[in-house]
Amino acid sequence: MERASPGWLVSPAFDLGLLIGPSLVAVAAALAMPAGAPAPAWVYAALVIGLDVAHVYASLYRTYLDPDELRRRPRLYWGAPLAALVGCGALCAVSQPLFWTVMAYLAVYHFARQQVGFLSLFRLREGLSTRSRAARVERALVYGLTLWPVLWWHANLPRQFAWFMEGDFVTLAVGPLVAPAGAVVAALGIAHLIGRLRSRRWAPGRDLWVLTTGLVWSSGVVWTDSDLAFTATNVVAHGLPYLALVAWVSGRRWAGEGREQGPRSPRWYSPRAAWLYLAPLLLLAFVEEGLWDRLVWHDNPWLFGESSPPAWLAALAVPLLATPQVTHYLLDGYIWKLGPTNPGLKALLTR
């Protein structure tokens, strides 16, 4: 098993190669794109299917595909998809636009919360408190770096991109709040920088994570006006780190249970194991996205074929197809908590 490197979540290669580096590449690509640049077909397949949808199903390895975990909290794991289905169905029954508005804001919170969650993991690996003043300032800064661009977005609607579909964000008169909110975020950044300099602590992974968060959200939302730029920065910075985290945590748990490493049982970080990990996720993602396209969106006939389903079937499909995503949102609020609700997780992450 790999040894942790001081100042990194796992190691320089892991952190830079999977958590931080790809996001910086996406930022550079977004800034180089002309406004309104169309997304090539392969980019859609790689980003939307290969990362965005696939990472949703990665939660399966931490929940439904872990027999011990499934036995430990059956009500949570069977109740979450049921609650998601009922909630999505109720919202769709009231109003399809309302459903997509709620989904958009849930997604914004989920994406922002993941950035803060990784920050806590970095601090845990460094042996630092997540409740200190420095931790609170750092956490508030990351929330600011993610949510201030969203506030700016609301003040500058419409844009050439949307979270899910045009009009999913509510039009709000928030223009006067943008500058004061930006000043607060800047003040948090200065306070955090002063604290980091005073600490004299080596933490390149965590520092780069905070910096990259600001670059990703600002470049994808504020500095560019392109659906391709927004999708590239948003999906790469969210989906790839999550896929890597699940693989790392699940691999450590599997190895820590003392299961014998036979000739047909590759280490979790080997190319063969990576393919065994990713292949089911890509298959599920392809099937789900294919159903979305054939029943609801009809945007990619080149990949999924032409279809003309009746309106009632399309309406029924929306809450059903949204259930895995909402279940992922719900479960993520439980399966990464570093307390008594997940016994052994903190020790697993620190050994």
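Residues in the stretch 106-114 include at least one that is under 28 Å from Leu345 (Cβ atoms), touching a residue at least 24 places away in the same chain (Cβ under 8 Å) and among the aromatic types (Phe, Trp, Tyr).
Considering the stretch 55-131, the qualifying helices (runs of 4 or more DSSP H), each wholly inside and each with 1 or more residues that are under 28 Å from Val216 (Cβ atoms), run over 74-94, 96-125. Check the stretch 172-193 and report whether any residue there is modelled with pLDDT of 95 or more and either part of a loop (DSSP other than H, G, I, E, B) or under 30 Å from Ser59 (Cα atoms) (or both). The answer is yes; a qualifying residue exists. Hey, can you tell me all the residues within the stretch 136-158 that are more than 19 Å from Leu177 (Cα to Cα) and in contact (Cβ under 8 Å) with a residue 60 or more places away in the chain? Glu138 - this is the single residue of the stretch 136-158 that is more than 19 Å from Leu177 (Cα to Cα) and in contact (Cβ under 8 Å) with a residue 60 or more places away in the chain. All of (1) in contact with a helix residue (DSSP H, G or I) (Cβ under 6 Å, 6 or more places away or on another chain); (2) under 27 Å from His328 (Cβ atoms); (3) surrounded by fewer than 17 Cβ atoms within 10 Å (Cβ to Cβ) hold for Gly195 with one exception: (2).
Every test in (1) more than 29 Å from Val116 (Cα to Cα); (2) touching a helix residue (DSSP H, G or I) at 6+ places or on another chain (Cβ under 6 Å) is passed by Ala285 save one, and that test is (1).
Filtering Met103, Met33 for residues that are touching a residue at least 40 places away in the same chain (Cβ under 8 Å), surrounded by fewer than 19 Cβ atoms within 10 Å (Cβ to Cβ) and at negative phi leaves a single hit, Met33. Annotation note: of Trp217, Trp223, Trp202, the sole residue that is surrounded by fewer than 16 Cβ atoms within 10 Å (Cβ to Cβ), more than 30 Å from Ala273 (Cα to Cα), at pLDDT 95 or above and of a type outside the set (D, E, K, R) is Trp223. Inspect the stretch 130-153 for any residue being loosely packed, with under 14 Cβ neighbours inside 10 Å and of a type in the set (Ser, Thr, Tyr) and give the result as yes or no. The answer is yes; a qualifying residue exists. Across the stretch 197-235, the qualifying residues are those that are without any contact (Cβ under 8 Å) to a residue 60 or more places away in the chain and part of a helix (DSSP H, G or I), and the one among them that is farthest from Trp148 (Cα to Cα) is Arg198.
The values are calculated or read from the model by the stated rules, or taken from the named source; none is laboratory data. Owing to the predicted nature of the structure, the values given are computational and were not obtained by experimental measurement. No Cβ is skipped: glycine too gets one built from the backbone with ideal geometry, and neighbour counts run over all protein chains shown.
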